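Colleague: I have a structure I would like to understand better, so I am pasting it below and will then ask my questions one at a time.
The values are calculated or read from the model by the stated rules, or taken from the named source; none is laboratory data. Here the structure is a predicted model, which means the values were calculated and not measured. Glycine also receives a Cβ, built like all others from the backbone with ideal geometry; neighbour counts cover every protein chain displayed. Note: areas computed on protein heavy atoms with side chains; ligands, DNA, RNA excluded. Shrake-Rupley method; radii C 1.70, N 1.55, O 1.52, S 1.80 Å.
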Amino acid sequence: MSSVAVFFQHLTNGLTLGGIYALIALGYTMVYGILKFINFAHGDILMVGAYMGMFAFDFLRGDAPLGAWTFIAFLLAMMFSAVFCAVLGMFIEKVAYKPLRRAARLAPLLSAIGVSFILSNGAAWMWGTQSRKLNYPFDNTPITFLGISITPHQILVLVVSVVMMVALSFFVGKSKMGKAMRATALDQDTAQLMGINVNVVISLTFAIGSALAAVGGMLIALDYKCYPTLGTMTGLKAFVAAVVGGIGNISGAMLGGILLGLVETFGVAVLGIPQGYKDTIAFVILIIILLLKPEGILGKVEKEKV
């Protein structure tokens, strides 16, 4: 394989991984943009989404062989998982975060950590600690083109990631509710005085972020199976991606996710970093960004008024 083909092979792998990170990072950055706190239960919502999608797919698929129906069943399962996690995200916000909006900043953070433990331990109690396989809804035999090997799973990840990120950008930038979300992120009190229902906006933000996490969870579970701690490391790395891109900035979360996926892939392939130490790369990048540009690549320095 030529060096050019090797480069594009790593580029494809990095973009695929980065697309998943970007989808998950969007949930972190949207919540932070409005409420200014990190929802550390976000990764566990991803895990719940993977389980719900797996159960729904197994139910819809039945004993059908691989074909058009299995792929349609997978898409329907993904939609079910997204809706389920959207409702779960709104419920968590209503119960665990809304009563603490006016509390000290540490209070909702601790509440989020508590919700994270409840979800992960609840999953272990209900579904066991053994990993479960989410079967491919199609033949995942790699396709080779010009020396570059790409699997149908990678194509699915790239297509779903691009479509959902473009749709979210259009929604936030052009729709009436998207403008309400931007106004709420800028100043909640002023937005409320202008007639915006802040509670509805915040609930919608959690719903969208949780739905994106569910989709990301199903996509990544195809490779890593479903287990109660699935969202722990993946969620942390998506959080790193959000910080790298600029926490609170939607475009920054997308950029950060793609960059993190590329750096991880090329770090292992080019620098020879052992696969077992791949997760370290994300946190090294986080430290460097915090030291050199704490606001992130596309973030803005926030001036505190005294």
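Colleague: Using the reciprocal of the averaged 1/r over all distinct C-alpha pairs, how large is the Kirkwood radius of the chain in Å?
Modeller: On the way: mean 1/r = 0.0502 Å⁻¹.
Every distinct Cα pair counted, the radius reaches 19.9 Å.
Colleague: Next up: I'd like the orientation of helix 230-245 relative to the chain: the angle between its Cα long axis and the longest Cα principal axis, in ° from 0 to 90, rounded to 10.
Modeller: 60 degrees
Colleague: Report, in debye and to the nearest 20, how large the dipole of the range 36-183 comes out about its Cα centre when Lys and Arg carry +1 and Asp and Glu carry -1 on their Cβ. Mind showing how you got there, number by number?
Modeller: Details: 13 positive and 5 negative charges, 206 e Å.
Here the size comes out at about 980 debye.
Colleague: Please tell me which of these pairs span more than 18 angstrom C-alpha to C-alpha: K36/K94; K98/K174; K36/K98? Display every interim value, and only then the final one.
Modeller: Numbers: K36/K94 16 Å; K98/K174 27 Å; K36/K98 13 Å.
Check vs 18 Å cut-off fails for K98/K174.
Colleague: Next question, about the same structure. Give the relative contact order (percent, whole number) for the range 1-109; include only Cα pairs under 8 Å separated by 6+ residues.
Modeller: Values: 55 pairs, mean separation 26.5, N = 109.
Result for the range 1-109 is 24 percent.
Colleague: Please give me, ordered by residue number, the trypsin sites (Lys or Arg not before Pro) of the range 86-172 that lie in loop per DSSP and have at most 13 other Cβ atoms within 10 Å.
Modeller: Working: sites: K94, R101, R102, R105, R132, K133; in loops: R101, R102, R105, K133.
Answer by residue number: R102, R105, K133.
Colleague: How about the range 161-249: which trypsin sites (Lys or Arg not before Pro) there are in a DSSP loop, with at most 14 other Cβ atoms within 10 Å of their Cβ? Show your work: numbers first, answer last.
Modeller: Numbers: sites: K174, K176, K179, R182, K225, K237; in loops: K225.
The qualifying sites: there are none.
Colleague: Sticking with this structure for a sec: Roll a 1.4 angstrom probe over the protein heavy atoms and tell me the percent of accessible area of the chain that is carbon or sulfur. Don't skip to the answer; put the middle values down first.
Modeller: Values: 10630 of 15120 Å².
About 70 percent, which is the carbon plus sulfur part of the accessible surface.
Colleague: Okay, moving on. So if I restrict to the alpha-carbon atoms in the range 47-126, what is the Rg, and what is Dmax, the biggest pairwise distance, in Å?
Modeller: Calculated on Cα positions, Rg and Dmax stand at 16.7, 54 Å.
Colleague: Taking the solvent-accessible surface of protein heavy atoms with a 1.4 Å probe, what is the per residue accessible area of the chain in Å²?
Modeller: On the way: 15120 Å² over 306 residues.
Per-residue accessible area for the chain comes out at 49 Å².
Colleague: Would you kindly state the longest site-free stretch of the chain, with sites defined as GluC sites (Glu not before Pro) in a DSSP loop (not H, G, I, E, B) surrounded by at most 16 other Cβ atoms within 10 Å?
Modeller: Values: sites that count: E302, E304.
The longest uninterrupted stretch comes out as 1-301.
Colleague: Give me Rg/Rg_expected for the range 12-76, where Rg uses Cα atoms only and Rg_expected = 2.2 N^0.38 Å with N residues.
Modeller: Details: Rg = 15.8 Å, N = 65, 2.2 N^0.38 = 10.7 Å.
Normalised Rg, Cα atoms only: 1.47.
Colleague: Size of the range 218-282 along its principal axes in angstrom, Cα-based, largest extent first?
Modeller: In descending order, the Cα extents are 31, 30, 17 Å.
Colleague: When a/c reaches 1.5 or more, the comparison of a/b and b/c decides; with that in mind, is the range 72-199 rounded, prolate or oblate per its Cα gyration tensor?
Modeller: Details: a/c = 2.79, a/b = 1.44, b/c = 1.93.
It is oblate, given that a/c is not under 1.5 and a/b is not larger than b/c.
Colleague: What's the angle, to the nearest 10 degrees (0 to 90), between helix 278-292's Cα axis and the longest principal axis of the chain?
Modeller: 40 degrees
Colleague: Under 18 Å from a point placed 7 Å out from the Cα of K278 along the Cα-to-Cβ direction: which residues of the range 182-220 have their backbone N that close?
Modeller: Once the point is set 7 Å along Cα→Cβ of K278, 216-220 turn out to lie under 18 Å by backbone N, inside the range 182-220.
Colleague: Still on this structure, please answer the following. So how do L186, L110 rank on accessible area, 1.4 Å probe, biggest first, that is with the largest at the start? The partial results should precede the final answer.
Modeller: On the way: L186 155, L110 100 Å².
Largest accessible area first, the residues go L186, L110.
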